[in-house]
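Engineer: Structure in structure tokens, see below.
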Amino acid sequence: MTTRYAVFLRGVNVGGVNLKMADVAAAFRDAGFDEVKTLLASGNIVLSSSSKATTVRTKAEAALRESFGYDAWVLVYPADELRAISADFPFEREVDGHHSYVTFVSDADVLDELAALTPTSGEAMQQGHGVLYWQVARGNTLASVISKTMAKKRYKSSTTTRNLRTVEKVLAAV
């Protein structure tokens with residue numbers, strides 16, 4: 001049985017790792033994935049595979065490392081799981097002057113650590129199933145406790161954040 005997946009690349013086209021999404025799509029097709037489509041330039045891919053999510057993650061990371069020579073990390077979600085994550089967003093989705101985010105976390109201990117942080121003023125956080133939902137005033141994202149914490153090396157292999165609008169665009173493509 002083939003499953004549609006959303007694949008989120010960590011840290012591309014923002015911090016020194018610059019990839020052309022067409023090249024990423026080609027690397028994923030070469031790795032055996034079907035119906036590969038990239039969205040935006042921030043490392044959002046949808047694809048089909050008969051493999052389980054953990055295998056898709058391993059194969060995708062290996063394809064990126066082999067093709068582009070960097071220490072690649074990805075997080076992978078079946079379309080149904082991503083739909084549930086979006087539907088469970090606990091705050092008002094669109095708030096004037098704020099950004100709504102979903103931080104995807106593959107390590108349960110890391111998720112618990114992030115959920116235990118004390119939000120700064122103007123920042124709201126809530127733990128979900130495998131994710132941390134958060135909302136922050138525009139202009140304060142990089143100064144937020146979440147952003148500062150996730151910039152640390154310990155979190156890079158198991159987290160990636162997407163704006164809720166980006167999540168919706170990915171869902172529309174799966």
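The values are calculated or read from the model by the stated rules, or taken from the named source; none is laboratory data. Computed from a predicted structure; not experimentally measured. Quick reminder, even Gly has a Cβ in these numbers, built from the backbone with ideal geometry, and neighbours come from all protein chains shown.
Engineer: Go through the stretch 3-54 and tell me which strands (runs of 3 or more DSSP E), entirely inside it, have 1 or more residues that are among the aromatic types (F, W, Y) and either touching a strand residue (DSSP E or B) at 6+ places or on another chain (Cβ under 9 Å) or touching a residue at least 12 places away in the same chain (Cβ under 8 Å) (or both).
Structural biologist: Those strands (runs of 3 or more DSSP E) span 3-9.
Engineer: Looking at the stretch 96-106, is at least one residue within 12 Å of the chain's Cα centre (by Cα), surrounded by fewer than 21 Cβ atoms within 10 Å (Cβ to Cβ) and not assigned by TED's automatic domain parsing to the domain that holds A25?
Structural biologist: Yes: the stretch 96-106 contains one or more residues that are within 12 Å of the chain's Cα centre (by Cα), surrounded by fewer than 21 Cβ atoms within 10 Å (Cβ to Cβ) and not assigned by TED's automatic domain parsing to the domain that holds A25.
Engineer: Please pick out the residue among S42, S67, S51 that is at pLDDT 95 or above and surrounded by 14 or more Cβ atoms within 10 Å (Cβ to Cβ).
Structural biologist: S51
Engineer: Select from the stretch 72-129 the residues that are in contact with an Asp or Glu (Cβ under 8 Å, 6 or more places away or on another chain) and of a type in the set (F, W, Y) and list them in ascending order.
Structural biologist: Passing the criteria: only W73.
Engineer: Here's another thing I want to ask about it. For S42, state whether it is under 16 Å from the mean Cα position of the chain (by Cα) and in the same structural domain as M150 (by TED's automatic domain parsing). Walk me through it before giving the result.
Structural biologist: Values: under 16 Å from the mean Cα position of the chain (by Cα): yes; in the same structural domain as M150 (by TED's automatic domain parsing): no.
So S42 does not fit the description; no.
Engineer: Considering each of R10, R4 in turn, give the residue that is more than 15 Å from A173 (Cα to Cα) and among the charged types (D, E, K, R).
Structural biologist: On inspection, the qualifying residue turns out to be R10.
Engineer: List every residue pair whose Cβ atoms sit under 8 Å apart, with the two residues 6 or more apart in sequence or on different chains, where the first one lies in the stretch 109-131 and is over 24 Å from G97 (Cβ atoms) and the second, anywhere, is part of a strand (DSSP E or B) and of a type in the set (S, T, N, Q).
Structural biologist: Note: pairs meeting the criteria are V110/T159; L111/Q127; D112/Q127; A115/Q126; A115/Q127.
Engineer: If you don't mind, another one. May I ask you to say which residue of A60, A79, A84 is within 17 Å of the chain's Cα centre (by Cα), touching a residue at least 40 places away in the same chain (Cβ under 8 Å), closer than 18 Å to V105 by Cβ and surrounded by 16 or more Cβ atoms within 10 Å (Cβ to Cβ)?
Structural biologist: Answer to the check: A60.
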